Amino acid sequence: MARRKLIYEGKAKILYEGPEPGTFVQYFKDDATAFNAEKKDVIEGKGVLNNRLSEYFMVGLASIGVPTHFLKRLNMREQLIRQCEIIPLEVIVRNRAAGSICKRLGLEEGATLPRPIIEFCYKDDSLGDPLVAEEHIIAFGWASQQDLDDMVALALRVNDFMSGLMHGVGITLVDFKIEIGRVWDNEFQRLVVADEISPDSCRLWDQKTGQKLDKDVFRRDLGNLADAYTEVARRLGVLPANV
Ligand code: C5P
């Protein structure tokens, strides 16, 4: 097979040049990392599960009119995506308190928040992706005020869609992170949901038992990560066995 041009290798995925201009191939690795890559392991099958789950979420979002970078799944580990310019911000939406907001604000894990809270972190591994305010985003030119308003609207639509989907299968969407990219149609810029949406980037708790079905299983050594992700896929009816 012809070697493809490597564009970028990240912690959990690799981007290759795509078959047509304006496309990339996104490859999902089995590598799991946490705490800014201080903790690392290889979880057999994780890449296959995240490829399939991310496809499922992105296709669902497109079906309700939320634009994404996803074009089609190519095989067990790869999907064809639209090339976009990633805005250097992680957009986090929280419905319940967990993770860093508990440490930062002294909240109890699981506490219901008064409304969905959106946070922005500046994407920079060497700085540990610090939380930033809108003031920084505008002042440093990472996004315009219009982009910010559009990002908030996009993030809330993703939250509504993902929360409903998860609720339907007995799972609480505690929080999640998305990345957003810019694409140009002629001279018009549009924002699209990019990167991936998977149990690597969400907190998912079983509604009855509180069992964690997301990357916290790996972060906090709570059991087998692939089993947790398989449970999410099974409930949604997207087991990799179906591919
Ligand atoms: O760690 P924190 O509580 O801020 O994470 C909030 C949400 O964003 C979690 O679902 C976590 O998995 C996700 N996240 C991520 N990638 C990061 C940071 C957070 O997917 N670099």
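Taking the highest mean first, how do the peptides 144-157, 44-57 order by number of other beta carbon atoms within 10 angstrom per residue?
Top of the packing list down: 44-57, 144-157.
Distance between Cα centroids, region 65-132 to region 191-231: provide it in whole Å.
13 Å
Can you give the alpha-carbon Rg of region 6-82 over 2.2 N^0.38 Å, where N counts its residues?
Compactness ratio reported: 1.15.
If I take every Cα pair under 8 Å that is 6 or more residues apart in region 18-111, average their sequence separation and divide by the length, what percent do I get for the relative contact order?
25 percent
Whole number please: convex hull volume per residue of the Cα set in the chain, in Å³?
140 Å³
Using a 7 Å offset from the Cα along the Cα-to-Cβ direction at both L131 and L6, what is the distance between the two label points in nm, to one decimal?
So the two model labels end up 3.6 nm from each other.
How much net charge surrounds D129 when only the other residues with a Cβ under 14 Å from the Cβ of D129 are counted, with Lys and Arg +1 and Asp and Glu -1?
Taking every other residue near D129 into account, the sum is -3.
Hey, which of these cross-link pairs are over 21 Å Cα-Cα: K39/K103; K13/K46; K11/K103?
Check vs 21 Å cut-off fails for K11/K103.
May I ask you to list the GluC sites (Glu not before Pro) in region 151-243 that are in a DSSP loop and have at most 13 other Cβ atoms within 10 Å of their Cβ?
Loop-located and lightly packed - E187.
Listed here are the pairs K177/K212; K72/K212; K123/K177; which of them are more than 19 Å apart at the Cα?
Cα-Cα > 19 Å for K72/K212; rest within.
Count charges around L154 for me, please; just the other residues with Cβ under 15 Å from its Cβ, Lys/Arg as +1, Asp/Glu as -1.
-4
List, in order, the whole-Hz ³J(HN,Hα) value for each residue of region 187-199 obtained from phi through the Karplus relation with A = 6.51, B = -1.76, C = 1.60 and θ = phi - 60°; use x for Gly and Pro.
Values, residue by residue: 9, 8, 8, 10, 9, 10, 6, 10, 6, 8, 10, 7, x Hz.
Which cross-chain or sequence-distant (5 or more) residues have an amide H under 5 Å from the amide H of L74, H modelled 1.01 Å from N in plane?
For L74, the qualifying residues are Q79, L80.
Kirkwood hydrodynamic radius for region 151-243: how many Å is it when counted over pairs of different Cα atoms?
Computed over Cα pairs of region 151-243, the Kirkwood hydrodynamic radius comes out at 14.5 Å.
Throughout, read-outs are computed from the coordinates displayed, never taken from laboratory work. Predicted model, so just to flag it, every value in this text is computed and none were measured. For neighbour counting, all protein chains shown are included, and Cβ atoms are generated from backbone atoms with ideal geometry for every residue, glycine included.
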